[in-house]
Amino acid sequence: MKLANKIALVTGGSRGIGKSVVETLAREGAKVAFVYHSKAEAANAVVAEQAALGREVFAIQGDVSDNASADSIVQQVIEKWSRIDILVNNAGIIKDGLLMAMDPADWHAVINTNLTSVYNFCHAVMRPMISQRSGRIINMSSVAAEYGNQGQVNYAASKGGIQGLTRCLATEVGRRNITVNAVAPGFIETDMTEAVRNMGGDKFKEVVAGISLKRLGKPEDIANAVLFLASDDAAYITGHVLTVDGGLTLGGI
Ligand code: NAP
């Protein structure tokens, strides 16, 4: 097991990519706490599934965009397990729309949930990780950070911000033996991409045709990249953004 005796905190672990990250880290021996926002039933199901497999996983309700909530969640994990070795900032939302019609509330919701949350949780784990003299932080960005996509100015700004934050923080905490990396997924089969998958006509076929591997990614494809960055195998990697998109952004024909 690659993560025996490690303690991990994953935001947005009730569904999609985060759920797969929780399962993968727990399978590799980590004790895992995860944050969910509103879907308690889904969160409880993840905890029950993992408990049935003999794994230690617990769920905490909270809003990642709220600084006090992040502090309280980190405190709860430390009270329970004394430390945090791995932080995965995964929670995220979309509120797509062309800029000229974008409500300020939709701008702020996406920036606060996707980007400010990463500041909140990195800030909250900083003292514990510094005093442990070790830590792994993995932030969920997106290929949308680097490639223009109509209707996603808020989302792309949040995911680009995550990449900048990742590189800067990596330079600040490297001497403390803390690594900070990001994963940039392409098109992954989760609730977030359901609307695109249900697009009519040939649109969806065109999306798949543009992916070199000719399929959408699965949450496990991203969870495996997170596992790598959280493991000892990635001990000398920091400030890196790992694209996991099946070749979506290669622009091949
Ligand atoms: P998803 O299926 O919609 O799941 C989102 C998760 O985030 C849920 O667990 C949700 O909790 C949680 N969450 C949302 N807002 C929250 C808040 N304010 N506080 C706490 N938790 C919150 O999303 P996904 O597709 O797995 O995406 C996960 C991450 O990967 C996101 O950062 C997303 O931007 C990124 N990403 C996804 C794709 C893709 O193709 N799917 C591509 C690139 C990047 P509840 O269950 O309680 O709502």
Worksheet, complete the sentence: With Cα springs under 10 Å, the Gaussian network model of the chain assigns the largest mean-square fluctuation among MET129, MET199, MET102 to MET199
Response to the item:
Looking only at lysines whose Cα falls under 22 Å of LYS214's and that sit 8 or more positions away or on another chain, we get LYS203, LYS205
Worksheet item: With a Cα-only, solvent-free Debye model of the chain, what are the log10 I(q)/I(0) values at q = 0.12, 0.16, 0.17 Å⁻¹?
Response: -0.67, -1.20, -1.35
Worksheet item: Quick one: helix 117-132 against the long Cα principal axis of the chain, what's the angle to the nearest 10°, folded into 0 to 90?
Response: 30 degrees
Response to the item:
At 37 °C and 0.692 mPa s, the Stokes-Einstein diffusion coefficient in µm²/s for segment 82-221, with hydrodynamic radius from the Kirkwood sum on alpha carbon pairs, is 199 µm²/s
Fill in: Candidates ALA105, ALA230, ALA68: whichever shows maximal mean-square fluctuation once the chain is modelled as a Gaussian network with Cα springs under 10 Å
ALA105
Response to the item:
Amide H contacts under 5 Å for THR243, restricted to residues at least 5 apart in sequence or on another chain and with H modeled in the peptide plane, are ALA184
Fill in: Distant-in-sequence amide H partners of PHE34 (H built 1.01 Å from N, under 5 Å)
VAL10, PHE58, ALA59, ILE60
Discussion item. If the only charges are +1 at each Lys and Arg Cβ and -1 at each Asp and Glu Cβ, what is the size of the charge dipole of the chain around the Cα centre, to the nearest 20 debye?
Written reply: 620 debye
Worksheet entry | Cα shape, segment 112-158, gyration tensor, a/c 1.5 rule | prolate
Discussion item. Over the chain, with a Gaussian network built from C-alpha contacts below 10 Å, which listed residue (PHE228, PHE34, PHE204) shows the highest mean-square fluctuation?
Written reply: PHE204
Item to complete: Under a cut-off of 22 Å between alpha-carbon atoms, report the lysines in cross-link reach of LYS19, not counting same-chain residues fewer than 8 places apart.
Response: LYS2, LYS6, LYS31, LYS39, LYS80, LYS95, LYS159, LYS218
Worksheet item: To the nearest 10 degrees, how steeply does helix 67-81 sit against the main Cα axis of the chain, on a 0 to 90 scale?
Response: 50 degrees
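All of the numbers you see were taken from the coordinates with simple rules; none came from a lab. Every value quoted in this text rests on a predicted model; they were computed, and no experiment measured them. All Cβ positions, even for glycine, are placed from backbone atoms using ideal geometry, and neighbour counts span all protein chains on display.
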